Amino acid sequence: MDGIKGAIAVVTGAAQGNGEAIAKGLAQNGAKVALADVQIDIAETVAAAIRKAGSEAVALPVDVAFLPSATELAAAVLEAFGPAEILINNAGIIRRTPIASETFDTDFETVMGVNATGVANMTRAFLDQLKETKGRIVNLGSIMSVTAGPGMTAYAASKGAVAQMTKALAHDLAPDGVRVNAIAPGVIETPMTEATRANPDAIGRFMAHTPMGRPGRAEELVGPALFLASHASSYVTGALLPVDGGYLAA
Ligand SMILES: NC(=O)c1ccc[n+]([C@@H]2O[C@H](COP(=O)([O-])OP(=O)(O)OC[C@H]3O[C@@H](n4cnc5c(N)ncnc54)[C@H](O)[C@@H]3O)[C@@H](O)[C@H]2O)c1
C-alpha cells in the first residue's frame, strides 16, 4: 500500500485492543512498527508475534502522559528504525466517574493527561521526524468526541479535545506536508469495553443508536487507519472518520 510499505510507524497503546490490531495491520502491509505502551512486557509479546509472521517490529516503553517519556520514545524509534512517517495516537483510558464522586478530580486529570495531553506530547516529541518524512498522524477519537453519555464527563471532554486538536494541528502542520486525521470508533470489542458489553443496560443504550446492531471488532479499525495513514487519503486532513456501525448517523 502506497505510504505504508517500508514506512516507519509508531503505535501507542499497542499492547492490546485497538492499538494491537492497528499495529498488526500496519505490519502486514509492510510498515516497520514500533509498539509503544506502558505495558512493555505485553507489547513485546505482540512485537514478537509480528516478527514471527515475517514483519519488522520493536516494543518500546512510553507513558504518553509525560512529555519526557514521549521524547525518549522518539529518540529510541530514531535509533531502532529511523524517522517515523506514521504516528498512531491510540493510547487511551476511561474512567466512568460521576461528577459528584470524591475521585472525580483525580480521574478527570488522569483521563485528560493520557487521552488529550498524551496526543499533544506525542505530536511534539515526533514533530521533527514527521516534518522530515512529510508524515501522517492518526488520532483515536471516539463517538464521544461529538456525543456523550452518563459518567462520560472526563472521557467525552478528552475525546472532544482529540477531535479539536486534530483540526487545529491539521492547520498548523499542512505547510510542513504533515496530515492529521482522527478515527471515531463506536463500541469496539476490546478490554476497555468489557464492563459496558457485560452490562445489558449500558450496551443496550449504545446498540439502540447503532443501525448495524452490533459492536465492532478491533480489526475493523485497520482499514480506516491504513486509509488515513497512507497516500490513499492524500487530500484528507483535519477529518474525523466515524467507524461506528452508523452510531453517529442515528
Ligand atoms: N474500545 C472502544 O470501544 C473504543 C471506542 C472509541 C475509542 N476508543 C479508543 O481507542 C483507543 C484504544 O482503546 P482500547 O479499547 O484498545 O483500550 P484498551 O484499554 O484495551 O487498550 C489501551 C492500551 O493503551 C495503553 N495505555 C494506557 N495508558 C497509557 C499511557 N499513559 N501511555 C502508553 N500507553 C498507555 C494500555 O496499556 C493498553 O495497552 C483509546 O484511545 C480509546 O479511547 C476505544
remark   = For the chain, longest principal axis from Cα atoms; helix 17-28 axis from its Cα atoms; angle between them, nearest 10 degrees, is 30 degrees
note = Rounded to one decimal in Å, the inverse mean reciprocal Cα-Cα distance for the chain, i.e. its Kirkwood radius, is 17.9 Å
key: Nonlocal amide H pairs with L241, under 5 Å, H built at 1.01 Å   = A182, I183, A184
ask   = Between I42 and R214, how many nm apart are label points set 7 Å from Cα along the C-beta direction?
value = 2.5 nm
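Where does the chain land at 222 nm, in deg cm²/dmol rounded to the nearest 500, when only DSSP H runs of n ≥ 4 count, each adding -39500 (n - 2.57), divided by all residues? All intermediate terms of the calculation are to be shown ahead of the outcome.
Numbers: 9 runs with 105 residues, N = 250.
Counting only the DSSP helices, I get -13000 deg cm²/dmol.
If you filter region 129-217 for trypsin sites (Lys or Arg not before Pro), then keep DSSP loop positions with at most 13 other Cβ within 10 Å, what is left?
Filter output for region 129-217: K134, R217.
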inquiry  = Tell me the net charge near Y247. Cut-off is 13 Å between Cβ atoms, Y247 excluded, with +1 for each Lys or Arg and -1 for each Asp or Glu.
reply    = +1
task = Given the options A75, A182, A156, state which has the largest fluctuation in a GNM of the chain using a 10 Å cut-off (strictly under) for Cα springs.
result = A75
task = Grab the chain and count how many Lys pairs have their alpha-carbon atoms under 16 Å apart, sequence gap of 8 or more, or different chains.
result = 7
inquiry  = Can you tell me which of G204, G30, G223 moves the most in a GNM of the chain? Springs connect C-alpha atoms under 10 Å apart.
reply    = G204
query = Tell me, what ³J(HN,Hα) does each residue in region 193-210 have, in order and in whole Hz, if you take phi through Karplus 6.51 cos²θ - 1.76 cosθ + 1.60 with θ = phi - 60° and put x for Gly and Pro?
reply = 9, 3, 5, 4, 5, 7, 9, x, 5, 5, 5, x, 4, 5, 5, 4, 10, 10
task = Could you run the Karplus curve 6.51 cos²θ - 1.76 cosθ + 1.60 with θ = phi - 60° over region 137-144 and give me ³J(HN,Hα) per residue in whole Hz, x for Gly and Pro?
result = 10, 10, 9, 8, x, 5, 4, 6
remark   = Tilt, helix 118-133 to longest principal axis of the chain (alpha-carbon atoms), in degrees rounded to tens, equals 30 degrees
inquiry  = Compute the angle between helix 153-173 and the longest alpha-carbon principal axis of the chain, please, reported from 0 to 90 degrees and rounded to the nearest 10.
reply    = 30 degrees
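Give me the percent relative contact order of region 8-241, please, defined on Cα pairs under 8 angstrom at least 6 residues apart. Walk me through the numbers before you get to the answer.
Numbers: 460 pairs, mean separation 46.2, N = 234.
Reported as a whole number, the value is 20 percent.
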inquiry  = Under 10 Å, Cα contacts only: if you run a Gaussian network model on the chain, which one of D176, D41, D105 comes out with the highest mean-square fluctuation?
reply    = D105
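Just so you know, all these numbers are worked out from the coordinates, no wet-lab data involved. Worth saying up front: this structure is predicted, and the values here are computed from it rather than measured. Don't worry about glycine lacking a Cβ; one is built from the backbone with ideal geometry, like all the others, and counts go over all protein chains shown.
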